[in-house]
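Worksheet: the structure to be examined is printed underneath.
The values are calculated or read from the model by the stated rules, or taken from the named source; none is laboratory data. Only a predicted model underlies this, so the values are computations on that prediction, with no experimental measurement involved. Cβ sites come from the backbone with ideal geometry, for glycine too, and all protein chains shown count toward neighbours.
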Amino acid sequence: MNHAIRMVETGGPEVMHWEAVALPDPAPHEARVRHAAVGLNFIDIYFRTGRYPLQLPSGLGLEGAGTVEAVGAAVTDIKVGDRVAYAGGPPGAYAEARNIPADRLVVLPASIDFKTAAAMMLQGMTAQYLLRRTYRVQAGDTILIQAAAGGVGLIVCQWAKALGATVIGTVSSDEKAALALAHGCDHPIVYTREDFVARVKEITGGAGVPVVYDSVGGETFMQSLDCLRPLGMMVSFGQSAGPVAPVDTQELSKRGSLFLTRPTLFTYVAQRADLLQTARELFEVVAAGQVKIEVNQTYALKDVAQAHIDLVARKTTGSTILLP
């Protein structure tokens, strides 16, 4: 019998239950994937707590890697035996195996193992759209990434450095500062004891940066705006510290005609061609050694409650995977 994490209500980690669940044959446009590894991401917390709505009862998890066991009658570009990974589709990755729309699957190159794939698809493709599409970072740019020692942060630091950018990053401790520094962050700022707005202005000679990538939200949002130069872009792509309060657009005007966007990966890869291109660019920088995926924590999938507790408590760095 297949096992999976199921929820019948939203709330704390205790609402997640490891259960035996029946798994039907794939529908015509689906494939069944036997997971070798599953990714853990902060968006899973949003779904579990109800910050992002779910139709209950539900599974949880948006990222996994494994082997295709069966395909539906209408599936043509994925076949049984393919090594695949995905990020997105309906929640349900916290499972030994699952059915998923086949157009969300990407075939893995031989150079990328399952654990690396499960650790990098959501975070790595997020880094791709941030750096190459939302604001296209160029050599010579100086950028600010909040939570630089997190999963997306470490990838952004490395990738931006490979593009020739100068990277400023905020972290919560000296240990995380050292980690970010080792992954391409030129100027890690320990925000718990430093005024990161003042430091950004100091580093940039008072000019500010052309882009801020902020997944923290909460009270950090307005400070991030203060780090931008005129005509700069605020990219708010998460809210790990809580939701962003309503924004008066005059705040953008008086800081120098700033741009503000709230993107999601799922919009950027909604079309299969965009998904494949995004994954291809990620695979290329990983294969070239320009981006190294750090799997710094591993948990048994049935122990995912502890993984959620540690993620919220900011005890994790880099990527975390769950093993069925």
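Rundown of residues vs (1) crowded, with 17+ Cβ neighbours inside 10 Å; (2) part of a loop (DSSP other than H, G, I, E, B); (3) β-branched (Val, Ile, Thr), yes/no style:
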site	(1), (2), (3)
279	yes, no, no
289	no, yes, no
292	no, yes, no
315	no, yes, no
320	yes, no, yes
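Scanning segment 215-238 for residues that are part of a strand (DSSP E or B) and closer than 22 Å to residue 125 by Cβ yields 233, 234, 235, 236. Of the residues screened, residue 219 is not one that is among the acidic types (Asp, Glu) and either free of Cβ contacts under 8 Å to residues at least 12 places away in the same chain or closer than 18 Å to residue 136 by Cβ (or both).
None of 43, 78 is under 18 Å from residue 120 (Cα atoms), outside any strand (DSSP E or B) and in contact with a Leu (Cβ under 8 Å, 6 or more places away or on another chain) except 43.
Flag not set for residue 212, criterion: among the hydrophobic types (A, V, I, L, M, F, W, C), at pLDDT 95 or above, in a helix (DSSP H, G or I) and closer than 18 Å to residue 160 by Cα. Tell me whether segment 231-248 contains one or more residues that are in contact with a strand residue (DSSP E or B) (Cβ under 9 Å, 6 or more places away or on another chain), over 29 Å from residue 86 (Cα atoms) and buried (at least 19 other Cβ atoms within 10 Å of the Cβ). Within segment 231-248, one or more residues are in contact with a strand residue (DSSP E or B) (Cβ under 9 Å, 6 or more places away or on another chain), over 29 Å from residue 86 (Cα atoms) and buried (at least 19 other Cβ atoms within 10 Å of the Cβ). Counting the residues of segment 294-307 that are surrounded by fewer than 17 Cβ atoms within 10 Å (Cβ to Cβ) and either modelled with pLDDT under 95 or assigned to a strand (DSSP E or B) (or both) gives 3. In segment 27-59, which residues are more than 29 Å from residue 295 (Cα to Cα) and out of contact with any helix residue (DSSP H, G or I) (no Cβ under 8 Å at 6 or more places or on another chain)? Of everything in segment 27-59, those that are more than 29 Å from residue 295 (Cα to Cα) and out of contact with any helix residue (DSSP H, G or I) (no Cβ under 8 Å at 6 or more places or on another chain) turn out to be 27, 28, 55, 56, 57.
Table: residues versus (1) within 24 Å of residue 266 (Cα to Cα); (2) in contact with a Ser or Thr (Cβ under 9 Å, 6 or more places away or on another chain); (3) in the same structural domain as residue 156 (by TED's automatic domain parsing).
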site: 198; (1), (2), (3): no, no, yes
site: 202; (1), (2), (3): no, no, yes
site: 215; (1), (2), (3): yes, yes, yes
site: 227; (1), (2), (3): no, yes, yes
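Filtering 165, 149 for residues that are outside the structural domain of residue 316 (by TED's automatic domain parsing) and at pLDDT 95 or above leaves a single hit, 165.
Evaluate segment 141-148: report whether one residue or more is under 16 Å from the mean Cα position of the chain (by Cα) and on the phi > 0 side of the Ramachandran plot. Outline the logic, then answer.
Applying the first criterion (under 16 Å from the mean Cα position of the chain (by Cα)) to segment 141-148 yields 145-148.
Applying the additional criterion that residues be on the phi > 0 side of the Ramachandran plot yields 147.
Yes: one or more hits.
Of all residues in segment 255-268, how many are out of contact with any Phe, Trp or Tyr (no Cβ under 8 Å at 6 or more places or on another chain) and modelled with pLDDT of 95 or more? Can you show your working first?
As a first pass, look at segment 255-268 and keep what is out of contact with any Phe, Trp or Tyr (no Cβ under 8 Å at 6 or more places or on another chain): 255-261, 266-267.
Then drop every residue that is not modelled with pLDDT of 95 or more, which leaves 255-261, 267.
Residues flagged as out of contact with any Phe, Trp or Tyr (no Cβ under 8 Å at 6 or more places or on another chain) and modelled with pLDDT of 95 or more within segment 255-268 amount to 8.
The lone criterion from (1) in contact (Cβ under 8 Å) with a residue 24 or more places away in the chain; (2) not in a loop (DSSP other than H, G, I, E, B) left unmet by residue 310 is number (1).
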